[in-house]
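Here is the structure we will look at, set down as structure tokens.
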Amino acid sequence: MGNAQDKPPGTGGGGGRSDQATAGSGARGRAGGSAEKAQTHKASEKRVANGRENSPAGGQGQQGSPAVDTSYLDAPSGALPPHLARLKNEGNHLFKHGQFGDALEKYTHAIDGCAEAGIDSPEDLCILYSNRAACYLKDGNSTDCIQDCTKALELQPYSLKALLRRAIAYESLERYRKAYVDYKTVLQIDTGVQAAHDSVHRITKMLIEQDGPGWRENLPDIPAVPLSVQQHHREKPISVEVAQARAARAAQEEVRKKEACFTLLKREGNDLVKKGHFQEALQKYNECLSLKSDECALYTNRAICFLKLNHFEEAKQDCDSALQLEPSNKKAFYRRALAYKGLQDYLSASSDLQEVLQLDPNVREAEQELEVVTGLLRQSLMDSSAHTPRV
């Protein structure tokens, strides 16, 4: 299960669901031992053991319908016996599919089952309480979420998810000092929890507004997380979901850095062009294109550098690339015309300049250049005719 963080602060959290018939609320989940609850529990276990609870809500599928994959129920789960492990796995499955009330019931049955079987596995019980707390949090029941997280933390004092969920619940109840302490404790264990960083920053502003400059004096003590716990957390194998989330964040950060570098290089290139440092600008645009090769403006900008350095063939090629990206780019047509002029291909230059004027008749530079190119074309034809022997 992932960290349940999508309840915004201040959405409240009083009582649990009023229509939960099984031991779903904190009081009923902890009362233990009534004959009715035991009977319900055994019936539920029997249905799970017989493999009949195959629908997402835990009901029996219709006869003749396609078989539903329930292999996830048999996944190993710590030190829990198979029938309790199946309850926990089914709760995880239901939670993942947004059925928080049904998931809560499964976790409650598993917790009660541990008590009845005399199972003393702090790690497994901590996970069950923390998972049920996530269900309470999703349902807006912040009070019971805090109780379950506190129980989980009594079993495993530095459980990251229990701390984070309790912090969110405290914040939703506007108990900002306690939320602040839990978020800071989370960051001692794992500095990479961005949600905790964001929340600490947000709550700090609230506490300053509430208590003034001496807001820290009113905070409860923040526990010092032992180095051994921090080291154990760093060495602990991460789940597939966490690995995917970290990879996604790393990819986003890489894109952000790449975009920032690209913007800086492009700005530096443009500034160098304005100063007339075309060779240096050329290098900046080369670096830009290595980061983003589909930016039309880079090709037209680099074409300026090539033109100024009398590299007409390279300028033409850059304008060709720009026109492949934007077939009606006026700058690309105009600068390719200048490249053709430098290559003494006056007919192609004239064609590109006419294309510019067709796209925008108000480009004065294109009109002037067309007059020059037309004169050069006429002169080249006359020279060619003069050097052609009469037959």
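The values are calculated or read from the model by the stated rules, or taken from the named source; none is laboratory data. Predicted model, so just to flag it, every value in this text is computed and none were measured. Here the Cβ is made from the backbone with ideal geometry for all residues, glycine too, and neighbour counts use every protein chain on show.
So is LEU227 among the hydrophobic types (A, V, I, L, M, F, W, C) and surrounded by fewer than 13 Cβ atoms within 10 Å (Cβ to Cβ) or not? Walk me through how you get there before you give the answer.
Working: among the hydrophobic types (A, V, I, L, M, F, W, C): yes; surrounded by fewer than 13 Cβ atoms within 10 Å (Cβ to Cβ): yes.
Taking the combined requirement at face value, the residue satisfies it.
Would you call LYS258 closer than 30 Å to LEU307 by Cα and at pLDDT below 95?
Working: closer than 30 Å to LEU307 by Cα: yes; at pLDDT below 95: yes.
Taking the combined requirement at face value, the residue satisfies it.
So which residues in the stretch 293-310 are over 13 Å from LYS266 (Cα atoms) and surrounded by fewer than 19 Cβ atoms within 10 Å (Cβ to Cβ), if there are any at all? Give the derivation first.
We begin by selecting, within the stretch 293-310, every residue over 13 Å from LYS266 (Cα atoms); these are 294, 303-310.
Those that are over 13 Å from LYS266 (Cα atoms) and surrounded by fewer than 19 Cβ atoms within 10 Å (Cβ to Cβ): ASP294, LYS308, LEU309, ASN310.
How many residues does the stretch 158-207 hold that are β-branched (Val, Ile, Thr) and within 22 Å of the chain's Cα centre (by Cα)? Working first, answer last.
Within the stretch 158-207, the first condition is being β-branched (Val, Ile, Thr), and the residues that meet it are 168, 181, 185-186, 189, 191, 193, 200, 203-204.
Next cut, within 22 Å of the chain's Cα centre (by Cα) only: 168, 186, 189, 191, 193, 200.
Here the count works out to 6.
So which of GLN210, GLN188, GLN147 is surrounded by fewer than 24 Cβ atoms within 10 Å (Cβ to Cβ), assigned to a helix (DSSP H, G or I) and at pLDDT 95 or above?
On the way: GLN210 fails: at pLDDT 95 or above; GLN188 fails: at pLDDT 95 or above.
Of GLN210, GLN188, GLN147, the one residue that is surrounded by fewer than 24 Cβ atoms within 10 Å (Cβ to Cβ), assigned to a helix (DSSP H, G or I) and at pLDDT 95 or above is GLN147.
Has the stretch 324-337 got at least one residue that is over 15 Å from LEU282 (Cα atoms), assigned to a helix (DSSP H, G or I) and touching a Lys or Arg at 6+ places or on another chain (Cβ under 8 Å)? Spell out how you get there, then give the answer.
Our first condition is that a residue be over 15 Å from LEU282 (Cα atoms); within the stretch 324-337, this holds for 324-337.
Applying the additional criterion that residues be assigned to a helix (DSSP H, G or I) yields 324-325, 330-337.
Those still in the list that are touching a Lys or Arg at 6+ places or on another chain (Cβ under 8 Å) too: 336.
Yes: the stretch 324-337 contains one or more residues that are over 15 Å from LEU282 (Cα atoms), assigned to a helix (DSSP H, G or I) and touching a Lys or Arg at 6+ places or on another chain (Cβ under 8 Å).
Looking at the stretch 214-237, which of the residues that are modelled with pLDDT of 90 or more and in a helix (DSSP H, G or I) is farthest from ASP190 (Cα to Cα)?
Selected residue: GLY214.
Could you tell me which numbered condition GLN344 fails, if it satisfies all but one of (1) more than 27 Å from ARG267 (Cα to Cα); (2) in a helix (DSSP H, G or I)?
Here GLN344 meets the rest and fails (2).
With the requirement that a residue be more than 20 Å from LEU80 (Cβ to Cβ) and outside any helix (DSSP H, G or I), what does the stretch 118-144 give you? First the steps, then the outcome.
First, the residues of the stretch 118-144 that are more than 20 Å from LEU80 (Cβ to Cβ): 136-144.
ASP139, GLY140, ASN141 - these are the residues of the stretch 118-144 that are more than 20 Å from LEU80 (Cβ to Cβ) and outside any helix (DSSP H, G or I).
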